[in-house]
């Protein structure tokens with residue numbers, strides 16, 4: 001934890017935040033650039049039980065950070081927490097870890113394959129399915145398009161579909177929200193929004 005606390009004065013990014021069981025979880029990457037350069041860069045999980053007024057460090061995630069960036073997280077149907085991060089050196093594979101104790105301890109790092117590549121990932125759970133979308137990589141053929149993947153087990157993903165091809169500029173960013181989750185009388189739907197490049 002000292003490493004996480006020590007770096008809080010340095011540059012950082014919050015890549016994702018989710019609400020679960022009256023707690024807000026924030027995935028925080030302490031680094032000096034968009035993509036990690038050294039092993040001093042760390043991903044931390046912070047938690048707040050007072051509606052975001054204060055956050056405390058829950059854990060440091062066991063990722064290698066050199067060449068990594070972006071990140072997304074979601075609570076699974078079995079109540080484990082999963083965190084995915086982007087690997088600039090291998091855009092077909094995201095690194096991931098899971099936690100069975102609300103982010104206090106983590107599994108070994110695993111890797112999930114994405115056929116059309118993935119950068120700036122965003123994950124969501126809806127019904128009995130998981131969705132993950134983002135940019136179809138930064139390098140090579142068919143990069144920069146808005147791509148969507150689905151999975152039943154959150155580890156093995158389908159081949160993906162392009163939701164939209166990049167048409168203008170480099171502002172190829174997206175995000176999502178499951179609507180209706182706090183109103184039982186409304187159907188739940190996955191809303192995906194994207195920036196001007198699409």
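A few points about this structure:
- Every test in (1) buried (at least 19 other Cβ atoms within 10 Å of the Cβ); (2) modelled with pLDDT of 95 or more is passed by residue 172 save one, and that test is (2).
- The lone exception for residue 104 - which of (1) surrounded by fewer than 18 Cβ atoms within 10 Å (Cβ to Cβ); (2) closer than 21 Å to residue 149 by Cα it fails: (2)
- Residue match in region 141-152 (condition: in contact (Cβ under 8 Å) with a residue 60 or more places away in the chain and surrounded by 12 or more Cβ atoms within 10 Å (Cβ to Cβ)): no
- Any hit, region 48-60, residues being modelled with pLDDT of 90 or more and within 20 Å of residue 125 (Cα to Cα): no
The values are calculated or read from the model by the stated rules, or taken from the named source; none is laboratory data. The model shown is predicted, which means the values in this text are computed figures rather than measured ones. All Cβ positions, glycine included, derive from the backbone under ideal geometry; neighbour counts span all protein chains shown.
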